[in-house]
Amino acid sequence: MLLLQLLASGIQTGLIYALTAAGFALIFGATRIFHVAHGATFALAGYAFLETAVAGVPWPLACLVSLVVAVGFGLFMDAFVYRPILRHEGSFFTVFVAAFGMVVVVQSVLELAFGRSFVSYSSTLTRATAVLPGLYLAPIFWVIIAVTAAILLLTGVFLGRSRAGIGLRALSENPELLRAFGLSARRLSALAIALGSALAVPGAVLMAATSGLQPSIGPHVMLISLAASIVGGIGSLRGAVAAGVLLGVTESLVVSILDTQWSESAGFVLLFGFILFRPRGLLGQPVPR
Amino acid sequence: MIQRRTLLAASAASAALLLADRFSAAQEAGSYIIGTLFPMAGPNAEYGTIFTAGAQMALAHIAEDKMLRKPVELRAEDSQGTPQGGATGMTKLANVDHAIYTLIGFTGVSKAAAPIGQRNKVVMVNGGGVGPDLSGLAPLFWNVIPLIDKEIAAILPWLKAQGSKRVAVLYVDDPLGNAALQQMTAALPANGATLAGSFSIAPTAQQFGAIAAKIRDSSPDAVYFASYGAQQAQIIKQLRDNGVTQTLITYSAATIPSVRDLAEADGLVFTAQISDWTLTDPVTQRFVKDWRAKYNADPTTYHQNYYNAVRLFGMLAQSLEKADKPVDGEAMRAELLRVRRFALVGGEGSFDDNGNIAIPIQINRMKGGRAEKIG
């Protein structure tokens, strides 16, 4: 029963990782912008939700506030950080440093505004009860599964069926061709960042309830997103989601055979394994030799 | 052959350096420099804020009382709560800021910084780290906080009285956590109990769902955890959320707002030094009164410790000034060992040969966001 419990814990953690990584993968897949500030978006979304919910605002409205903050920050980054850099020089390193600098700024702002303490959203949904002897599940386990499934479905329909979604997929392939079809690469890029930032919200809200938040969570989130994006296949949204689950389950199951402190490292061993033996990731494009 | 221009440039640079050094020395001659080596960013930054607040109040009181002939300046370095940060920060405090007295926290940070401080004759006072090997770490390294061996020794009889026969230990894999595990492993059998299981975690770990499952599987009567910072709150929340209903026990690191304010921390048992804010001695009275007036809340033991650390500097430097002796590391150590007993917040504090303060430990239970003394 311990293995089943570890698997359930891993799925819960992994789905939160998946939700965290999905936004980053979408943005990188469509725009090729290495959006390190996705971690900052996540932190802002989480704090926006927590602070409004703690102030007595009903949780659906708090989620909406969180969504507005996340999308607003994403669009701000696009308009005032990425766009000017890409207009002038546009080197990968400049974009990376600028985005990383913004992560530090956001962390400091959160520390000033809300203090440096750990904060969490207390809910009965996170309290696990025994569903079978030795198997404890919390209602939020099912919520996380439902939310992830719904988001994957909606994002899949948007990217596969809508004109804007197809444009987003084309954006990473051939921006010049987009212009020939009368589409604006700039607008599509902003749409990708807005959508990717919105995808940070469910993960941030669920993490606020399950593990809690602190101002320095941004880099940690970014590390998970990056690992999931590489394992899943650079730029593949579905791959990132699958990799998030795989990372969570691996971290959880490994404690059944190894010392508990290897839990976190196991995910990164998996990452190195993929880099060495399957660099295209789970669902990525083959790497040309 | 050295060119004339190169020679001129080198001379100008040397002159500038000499002038800068003299300017810096002149500045320092005007004040005592106290350095702080606290985590100011990252998951342990909450401690940095708390530690600094305690020190600042003591500085204000020293200035108000005109205890010293020269003003005291606080210079901060971010230790990031890591040994690397401790070594870098102490090097800068000693060599660039020329601090003569430093406030330090965290076991790993202290162990990395102590040789550097000792080499530079800088006094280091710890009010936050509790690893047992911090005792006698260096002649100029003192502790104004009881170390974890004292805290564990205090909780063992309580565990026995509660009938806890199987105790699981969750510990962070660093000098502090390993020391806690070692002591629990050695002491539990003598206490009529056994170690139900030991579970190590990385200092950066944030997910404890799987570990909760392993702890439940080990069927303990109580769970002792040794961690610090935001990780403590995450441990408490996730163990409770994942069905660990046994008594959770920890040490004084839990006396921070993020643990106190956590709903899941209700019932948490923790040891800490005695902090009686109702004491009537003038030092405690003034500290508590001013603290409540400034922050509209009660102070924590960490506030008390770093207040005491700075107050100790004030008293040592005052004695040395009166005796017309230099205020430096060696002189302060000699003065500490000569006087031994000082009027501090919480009553009279006495120091042993290793510079460790002696304070009794009490057992508390968290209830409704407040700590209740239970033993």
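What follows draws every value from the coordinates through simple rules; no lab data is involved. This one's a predicted model, so the numbers in the text were calculated from it and none came from an experiment. Backbone-built Cβ (ideal geometry, glycine too); neighbour counts: all protein chains shown.
What is the order of A:Glu251, A:Glu51, A:Glu173, fewest Cβ neighbours within 10 Å to most? Walk me through the intermediate numbers first.
Numbers: A:Glu251 27, A:Glu51 17, A:Glu173 9.
Going from sparsest to densest Cβ surroundings: A:Glu173, A:Glu51, A:Glu251.
Ignoring aspartates and glutamates fewer than eight residues from B:Lys237 along the same chain, the ones with Cα atoms less than 14 angstrom from its Cα are B:Asp261, B:Glu264, B:Asp266. Measuring r between the beta carbons of A:Ser184 and A:Phe277 and using R0 = 30 Å, the FRET efficiency lands at 0.15. The alpha carbon gyration tensor of region A:223-279 gives principal lengths a ≥ b ≥ c with a/c of 1.5 or higher and a/b greater than b/c, which makes the shape prolate.
Charges were assigned to the Cβ only: +1 to each Lys and Arg, -1 to each Asp and Glu. The resulting dipole of the protein assembly as shown about its Cα centre is roughly 1240 debye. Antiparallel versus total DSSP beta bridges in the protein assembly as shown: what percent is that, nearest 5? Around 35 percent of the beta bridges assigned by DSSP in the protein assembly as shown are antiparallel ones.
Shown in residue order for region B:341-349 are the 3J(HN,Hα) couplings computed by the Karplus curve 6.51 cos²θ - 1.76 cosθ + 1.60 at θ = phi - 60°: 10, 10, 7, 10, 5, x, x, 6, x Hz (x for Gly and Pro).
What is the dipole size for chain B, taken about its Cα centre, with +1 at each Lys and Arg Cβ and -1 at each Asp and Glu Cβ, in debye to the nearest 20? List each step's numbers first, then the result.
Values: 35 positive and 33 negative charges, 42 e Å.
Taking the Cα centre of chain B as origin, the dipole is about 200 debye.
What the Cβ-Cβ distance of A:Ile257 and B:Glu321 gives, at R0 = 60 Å and to the nearest 0.05, is a FRET efficiency of 0.40.
Counting, for every residue in B:212-221, the Cβ atoms of other protein chains within 10 Å of its Cβ and taking the mean gives 4. Comparing A:Ser216, A:Ser236, A:Ser122 in a Gaussian network model of chain A where C-alpha atoms under 10 Å apart are linked, the largest mean-square fluctuation is found at A:Ser122.
Computed packing ranks the peptides B:273-282, A:93-102 as A:93-102, B:273-282, most packed first, by mean other Cβ atoms within 10 Å.
Can you classify the protein assembly as shown as rounded, prolate or oblate using the Cα gyration tensor, where a ≥ b ≥ c are the square roots of its eigenvalues, rounded means a/c under 1.5, and otherwise it's prolate if a/b beats b/c and oblate if not?
Values: a/c = 2.15, a/b = 1.34, b/c = 1.61.
Oblate, since a/c reaches 1.5 and b/c is not below a/b.
Straight-line reach from B:Lys373: which lysines have Cα under 21 Å away, leaving out those fewer than 8 places along the same chain? Answer for B:Lys373, where 21 Å is the Cα cut-off: B:Lys150, B:Lys160, listed by chain and number. The simple spin-label model puts a point 7 Å past each Cα toward its Cβ; for A:Ala150 and A:Arg163 those points are separated by 2.9 nm. What net charge is computed for the residues neighbouring A:Phe114, neighbours being all others with C-beta under 12 Å from the C-beta of A:Phe114, Lys and Arg scored +1, Asp and Glu -1? After counting each charged neighbour, the total is -2.
Paramagnetic label reach from B:Asp133 (point 7 Å along Cα→Cβ; backbone nitrogen cut-off under 19 Å): within region B:180-199, residues B:180-187. The residues packed around A:Leu86, meaning those with a beta-carbon under 12 Å from its beta-carbon, carry a net charge of +2 if Lys and Arg are +1 and Asp and Glu are -1.
Rounded to the nearest 500, what is chain A's calculated 222 nm mean residue ellipticity when only DSSP H runs of at least 4 contribute -39500 (n - 2.57) each, over all residues?
Counting only the DSSP helices, I get -24500 deg cm²/dmol.
Each peptide in A:29-36, A:179-186, A:161-168 receives the mean, over its residues, of other Cβ atoms within 10 Å, and ordering these scores from highest gives A:29-36, A:161-168, A:179-186. The amide H of B:Asn356, built 1.01 Å from its N in the peptide plane, has B:Asn143 as neighbours under 5 Å, considering only residues 5 or more places off or on other chains. In this structure the amide hydrogen of B:Tyr101, modeled in the peptide plane, comes within under 5 Å of the amide hydrogens of B:Gly35, B:Val123, none closer than 5 places in sequence on its chain.
In straight-distance terms, cross-link reach from B:Lys111 covers every one of the lysines whose alpha-carbon lies under 17 Å from its own, apart from those fewer than eight places away in the same chain; here that gives B:Lys92, B:Lys121. Partner shielding of B:199-207 amounts to 6, given as the average count of beta-carbon atoms from other chains within 10 Å of each residue beta-carbon. Here the 3J(HN,Hα) profile of region A:70-79, calculated from phi with Karplus coefficients 6.51, -1.76 and 1.60 at θ = phi - 60°, is 5, 5, x, 5, x, 5, 4, 4, 5, 6 Hz, Gly and Pro shown as x.
The label point for A:Val269 and the one for A:Leu177, both projected 7 Å from the Cα toward the Cβ, are 4.3 nm apart.
Residues of B:228-235, mean number of Cβ from any other protein chain within 10 Å of their own Cβ, rounded to a whole number? Let's see the in-between values first.
Details: counts 0, 4, 10, 2, 1, 7, 7, 0.
If you average over the peptide's residues, the count of other-chain Cβ atoms is 4.
Of the peptides B:307-319, B:48-60, B:226-238, the ranking by mean beta-carbon count within 10 Å, highest at the top, reads B:226-238, B:307-319, B:48-60.
In this structure, B:Arg341 and B:Ala190 have a Cβ-Cβ separation that, at R0 = 30 Å, corresponds to a calculated FRET efficiency of about 0.35. Computed extension length for B:Asp353-B:Ala293: 17.9 nm, one decimal, from 0.36 nm per residue of separation with the Cα-Cα distance subtracted. Taking a ≥ b ≥ c as the square roots of the Cα gyration tensor eigenvalues, region B:129-278 comes out rounded, since a/c falls below 1.5.
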